[in-house]
């Protein structure tokens, strides 16, 4: 359609009120949706922690099969040299997804791979760690494969004494 000279131009656009209504509606939707995503991150961290711990335990078992002994009891947060080539060093040294640091330990219960809450990152309580235990073990931190060995330490016991 062509416009003849002198004919007014009809422009169609959104009014300021219409734009504000859309912005308010989007804000309300964001306020409803964002908290549900924020809550989804904690189960993801727990799952990542469990997956990493199992992978590290598998690596320690491979070391035992090949060398006859588990990697030595090392300092918390420092990967034993025997695990080099079995796991990525940065995965061990960068801490766990839930706070604390990775540790290999020859405990009273047996050899284990786990977490030491030594003040690095967030520290988790017994209730939180029992939730993790419930996901892949028996939910009891005093029995089963995943146990509290005291002093902020929780280990997946690979081989019991």
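Every number in this text was worked out from the coordinates using simple rules, so none of it is lab data. The structure displayed is predicted, hence computed values, not measured ones. As a convention, Cβ positions derive from the backbone with ideal geometry for all residues, glycine included, and neighbour counts pool all protein chains shown.
Using only Cα atoms and rounding to the nearest 10 degrees, what angle (0 to 90) does helix 16-67 make with the longest principal axis of the chain?
Between the helix axis and the principal axis of the chain, the angle is about 20 degrees.
Could you sort the peptides 149-157, 80-88 by per-residue average Cβ neighbour count (10 Å cutoff), highest mean leading?
Per-residue mean Cβ counts within 10 Å order the peptides as 149-157, 80-88.
What whole-number distance in Å separates the alpha-carbon centres of region 36-99 and region 112-152?
First find each Cα centre; the distance between them is then 14 Å.
Largest first, please: the extent of the C-alpha atoms of the chain along each principal axis, to the nearest Å.
Largest first, the chain extends 96, 34, 26 Å along its Cα principal axes.
Ranking request for peptides 42-50, 104-112: highest mean number of other beta-carbon atoms within 10 Å first, then the rest in descending order.
104-112, 42-50
Over region 68-161, how many percent of alpha carbon pairs lie in each 10 Å bin up to the one with the longest distance?
All Cα pairs considered, the percentages come to 17, 50, 31, 2.
State, to one decimal in nm, how far the label point of residue 106 lies from the label point of residue 48, with both points 7 Å from Cα in the Cβ direction.
3.3 nm
Could you work out the relative contact order of region 44-160? I mean the mean sequence separation of Cα pairs under 8 Å and 6+ apart, divided by the number of residues, in percent.
22 percent.
Sorted by packing (mean other beta-carbon atoms within 10 Å per residue), highest first, where do 119-127, 135-143 land?
Descending packing order for the listed peptides: 135-143, 119-127.
Can you give the Rg/Rh ratio of region 38-109, where Rg is from the C-alpha atoms and Rh is the Kirkwood radius?
1.01
Suppose R0 equals 45 Å; then what is the FRET efficiency for residue 142 and residue 30 from their Cβ-Cβ distance, rounded to the nearest 0.05?
On the way: r = 44 Å, r/R0 = 0.97.
The formula returns an efficiency of 0.55 here.
Using only Cα atoms, find the angle between the long axis of helix 126-136 and the longest principal axis of the chain, and express it within 0 to 90 degrees, rounded to the nearest 10.
The helix 126-136 is inclined about 90 degrees to the chain.
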